[in-house]
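Remarks on the structure that follows.
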Amino acid sequence: MARGFGYIPNSCARGRGRSPSNFVNAAPMILVYHATRAETLAEIKKNGLTPRGTARKGNFGIDYASRPEFVYLTRYKARNYALTAARFPRDRVALLEIVLDDLDRKKCFPDEDSIVFDKMIGEGTFEGPSHESRFAELLLDANPLEFGVEFERLFEQFGLVAYHGVVPFSTMRRYVVVPFHAVRAFADTLNPFQPAQDNVPGHRQFGSDSVRFLFDGGDIEGVSRRALRELAALRKGFKVYAGPRSGPQ
């Protein structure tokens, strides 16, 4: 697999834990994200990040329902995930930063969106008036378990993971807790600057910069100085915590 967006070290490709000898050319760790309500943190610390199962509803409604046996992770769309994680204005959102190469590669699958987007790009329906209906049609048959061999390629392009099992708390590097109103304001401030297409490199860079800003501040490529000042003011209400996997990249 070529280096670039979504480059996966040998440790993830072979399903082993992270150690210096497992890296190809000492590649930096790849970080992925999951958003949930902050009230679930105590359970996550004890039992890991578990699939929602059939007892809990998904975040995307019945038309785009997630599969109950997976935990969904993203490299570039953490801001989108955070917006869907809270149900009420009083909720707080916890955004979890996870070291991908600490996860079991045999449980890493492309999520349904990346399967469908890849199909639509190939058939030329990714853009245009039929996009929404074609997406819904293809989504019905998009089973991640049938696309395991495509994981590296689709992760390279879309940065999405459907993890088949429990994500251990030990794989989590940091997490940030954000009031829901701040998540909404953060998204509203960034929306005018977001590239239109999900699969272009500019979108991936924008997504990476956005989530890094949530944790560390700094710049977001293409965002005005005025907007960055507004975002920096919002960040003052965020709380960032170190996880078990904390340390330099």
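Beta carbons closer than 7 Å, at least 6 apart along the sequence or on distinct chains, pair a first residue in segment 80-108 that is under 16 Å from T50 (Cβ atoms) with a second that is at pLDDT below 85 and in a loop (DSSP other than H, G, I, E, B) for A85/N59; D104/G15. Among the residues of segment 79-117, those identified as under 23 Å from L154 (Cβ atoms) and of a type in the set (V, I, T) are T84, I98, V99, I115, V116. Pairing each residue of segment 206-224 that is under 21 Å from F158 (Cβ atoms) with any residue that is of a type in the set (G, A, S) and surrounded by fewer than 21 Cβ atoms within 10 Å (Cβ to Cβ), provided the two are 6+ apart or on different chains, yields C-beta distances under 8 Å for F206/G222; D209/G218; R212/G218; G222/G202. Of all residues assigned to segment 166-189, at least one qualifies as being of a type outside the set (K, R), touching a residue at least 24 places away in the same chain (Cβ under 8 Å) and in a loop (DSSP other than H, G, I, E, B). Applying the selection to segment 21-76, what residues are charged (D, E, K, R) and at pLDDT 85 or above? Passing the criteria: R37, E39, E43, K45, K46, R67, E69, R75.
Of the residues examined, G218 is not one that is surrounded by fewer than 18 Cβ atoms within 10 Å (Cβ to Cβ) and either under 25 Å from R105 (Cα atoms) or hydroxyl-bearing (S, T, Y) (or both).
Among residues of segment 111-128 that are touching a residue at least 12 places away in the same chain (Cβ under 8 Å) and under 18 Å from K77 (Cα atoms), those with a Cβ under 8 angstrom from a residue that is surrounded by 15 or more Cβ atoms within 10 Å (Cβ to Cβ) and charged (D, E, K, R), sequence gap 6+ or separate chain, pair up as E112/R67; I115/E150; F117/D198; D118/E150.
Scanning segment 138-165 for residues that are modelled with pLDDT of 90 or more and among the charged types (D, E, K, R), we see that the one that is surrounded by the fewest Cβ atoms within 10 Å (Cβ to Cβ) is E146.
Across segment 78-99, the qualifying residues are those that are surrounded by fewer than 23 Cβ atoms within 10 Å (Cβ to Cβ) and among the basic types (K, R), and the one among them that is farthest from the chain's Cα centre (by Cα) is R90.
The values are calculated or read from the model by the stated rules, or taken from the named source; none is laboratory data. Note that the structure is predicted; figures quoted are calculated from it, not measured. Every residue, glycine among them, receives a Cβ derived from its backbone with ideal geometry; neighbour counts consider all protein chains shown.
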